[in-house]
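A short write-up of the structure that comes next.
The values are calculated or read from the model by the stated rules, or taken from the named source; none is laboratory data. Computed from a predicted structure; not experimentally measured. Methodologically, a virtual Cβ is constructed for each residue, glycine included, from the backbone with ideal geometry; neighbour enumeration extends over all protein chains shown.
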Amino acid sequence: MPQVERDAADIQGTPEDNKAAPPMFATATFRNASNAYREVGVETGVSTASSHKLVAMLFDGFFDAVAQARGALLAGRNADKGRAIGRAVRIIEEGLKAGLDRQHGGELAANLNGLYGFVALRLTEANLHNDDAALLECARLLEPVRSAWLAIDPVSLPKAQ
């Protein structure tokens, strides 16, 4: 499992984090504890997941990161927005796009490669221009791909007889 780089703001929170949230539930410490718990759960899921499930988890992570970026953008938390968009771009580039077999995947792999590249570009533009519409566009572009992927889950497909 690759290490995730963190800066001091990730560990301690920022003054903006503590001002924006009710102190009894959403302090930086509570949020960081819940993030750590979630990361442990994801690592456990990864170690036992099929390759199909791993790609589904990448899609889930992408949509979660885009939702977090939108929330941070709308709340004016630029550092959080940038981290969430960065995570979404890494999921696209290092997960979904890197996992394509462009040598044997034919036209489908080529089309997905182009789509993933475009989405990564639009995410970067959304970050630079604080563009919520671009974030929504990225989610809308990948939702049909995610739905199609989930529909071909080998576990839920009927067995051939």
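Here are a few things to note about the model shown:
- Among the residues of the stretch 99-114, the ones that are surrounded by fewer than 17 Cβ atoms within 10 Å (Cβ to Cβ) and under 28 Å from Leu73 (Cα atoms) come to 2 in all.
- Neighbours by Cβ (under 6 Å, 6+ apart or cross-chain): first from the stretch 96-109, touching a residue at least 12 places away in the same chain (Cβ under 8 Å); second surrounded by 14 or more Cβ atoms within 10 Å (Cβ to Cβ): Leu96/Leu58; Leu96/Tyr116; Lys97/Tyr116; Leu100/Ala109; Leu100/Leu112; Leu100/Asn113
- Condition check for Gly99: modelled with pLDDT of 95 or more and over 11 Å from the mean Cα position of the chain (by Cα): no
- Among the residues of the stretch 102-121, some residue qualifies, meaning at least one is of a type outside the set (Ser, Thr, Tyr) and closer than 17 Å to Asp64 by Cα.
- Qualifying position, being assigned to a helix (DSSP H, G or I), of a type in the set (A, V, I, L, M, F, W, C) and modelled with pLDDT of 95 or more, among Ala79, Ala56, Ala33: Ala79
- Pairs where the first residue, in the stretch 120-138, is in the same structural domain as Leu96 (by TED's automatic domain parsing) and the second is outside any helix (DSSP H, G or I), C-beta under 7 Å, 6+ apart: Glu125/Asp131
- Gly114 in the same structural domain as Gly61 (by TED's automatic domain parsing), at positive phi and not hydrophobic (A, V, I, L, M, F, W, C): no
- Scanning the stretch 60-94 for residues that are over 10 Å from the mean Cα position of the chain (by Cα) and within 20 Å of Trp149 (Cβ to Cβ), we see that the one that is surrounded by the fewest Cβ atoms within 10 Å (Cβ to Cβ) is Glu94.
- Checking each residue of the stretch 117-131 against the condition of being in contact with a Phe, Trp or Tyr (Cβ under 8 Å, 6 or more places away or on another chain), of a type in the set (A, V, I, L, M, F, W, C) and part of a helix (DSSP H, G or I) gives no match.
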